[in-house]
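The values are calculated or read from the model by the stated rules, or taken from the named source; none is laboratory data. In this text the structure is predicted, and so the values were computed from the model without any measurement. In this analysis, Cβ positions are derived from the backbone assuming ideal geometry, glycine residues included, and neighbour counts consider all displayed protein chains. What goes into the accessible areas is simple: the full protein's heavy atoms, side chains included, and nothing from ligands, DNA or RNA. Shrake-Rupley method; radii C 1.70, N 1.55, O 1.52, S 1.80 Å.
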Amino acid sequence: SVQPCHIRTWSATQPVADSTETTILNWGNVELNQGGITYSSGDFTVPSAGVYLIFYTINWADNTTGTRNSNFIINNSLSVRRARVNFGGGANGGQGLWINASDVVSLSANDDIKLIVWQDSGGILNCCTDSLCRIGVVKLF
């Protein structure tokens, strides 16, 4: 059988409202999809129990105000956060901020994984503004 692996890339910029947990939805381009991991509206669902590598690369638009958070949640539980990145004081040099994070997690069949972000810049701030943004779920064993 084929090892489950699902990797997607950015398809559109995601506006993120101030102080609001937001699921990144715009993973419209399939890079690799094999082995039964499904994707729908920001949620990945794994077909079988095992140990998985989960990863993402995102960027935030330039803005020096506030904090930026990003992490995976499993089965919509905000108490189960993985690959968490939290920092304050964004960039304003024209390139924004790039984040790459990953984690290894034990999942059960039909567990759901999604990437959520949060920011408190005082207004709407764009996330995933570039085609190099990626997300993936890969079964290791």
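Looking for whichever is more than 16 Å from Val16 (Cα to Cα), open to solvent by less than 50 Å² (accessible area, probe 1.4 Å) and touching a Gly at 6+ places or on another chain (Cβ under 6 Å) here; the options are Lys114, Lys139. Which one fits?
Being more than 16 Å from Val16 (Cα to Cα), open to solvent by less than 50 Å² (accessible area, probe 1.4 Å) and touching a Gly at 6+ places or on another chain (Cβ under 6 Å) holds for just one of Lys114, Lys139, which is Lys139.
Looking at the structure I just gave you, is Ser102 under 11 Å from the mean Cα position of the chain (by Cα), open to solvent by 20 Å² or more (accessible area, probe 1.4 Å) and closer than 15 Å to Val138 by Cβ?
The answer is yes for Ser102.
Here is a list: Asn75, Asn71. Which entry is open to solvent by 60 Å² or more (accessible area, probe 1.4 Å), within 17 Å of the chain's Cα centre (by Cα) and of a type outside the set (A, V, I, L, M, F, W, C)?
Step by step, each of Asn75, Asn71 is checked, and only Asn75 is open to solvent by 60 Å² or more (accessible area, probe 1.4 Å), within 17 Å of the chain's Cα centre (by Cα) and of a type outside the set (A, V, I, L, M, F, W, C).
A quick yes/no check of all residues on (1) at pLDDT 90 or above; (2) in contact with a helix residue (DSSP H, G or I) (Cβ under 6 Å, 6 or more places away or on another chain); (3) surrounded by 15 or more Cβ atoms within 10 Å (Cβ to Cβ):
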| residue | (1), (2), (3) |
| --- | --- |
| Gly28 | yes, no, no |
| Ala49 | yes, no, no |
| Thr57 | yes, no, yes |
| Thr64 | no, no, no |
| Gly89 | no, no, no |
| Gly96 | no, no, yes |
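Out of (1) open to solvent by less than 50 Å² (accessible area, probe 1.4 Å); (2) β-branched (Val, Ile, Thr); (3) over 21 Å from Asp18 (Cα atoms), what's the single condition that is false for Thr38?
Against the list (1) open to solvent by less than 50 Å² (accessible area, probe 1.4 Å); (2) β-branched (Val, Ile, Thr); (3) over 21 Å from Asp18 (Cα atoms), Thr38 comes up short only on (1).
Among the numbered criteria (1) open to solvent by 60 Å² or more (accessible area, probe 1.4 Å); (2) within 22 Å of Ser108 (Cβ to Cβ); (3) in a strand (DSSP E or B), which single criterion is violated by His6?
(1)
Mind checking which strands (runs of 3 or more DSSP E) fall wholly inside the stretch 39-139 and carry at least 3 residues that are in contact (Cβ under 8 Å) with a residue 60 or more places away in the chain?
Passing ranges, in order: 43-45, 50-60, 112-119, 125-127, 134-139.
With the condition kept exactly as written, say whether any residue in the stretch 98-116 is touching a strand residue (DSSP E or B) at 6+ places or on another chain (Cβ under 6 Å) and over 24 Å from Leu32 (Cα atoms).
No: zero hits.
I'd like to verify a number: residues in the stretch 111-141 that are more than 15 Å from Trp10 (Cβ to Cβ), under 16 Å from the mean Cα position of the chain (by Cα) and among the charged types (D, E, K, R), how many?
3
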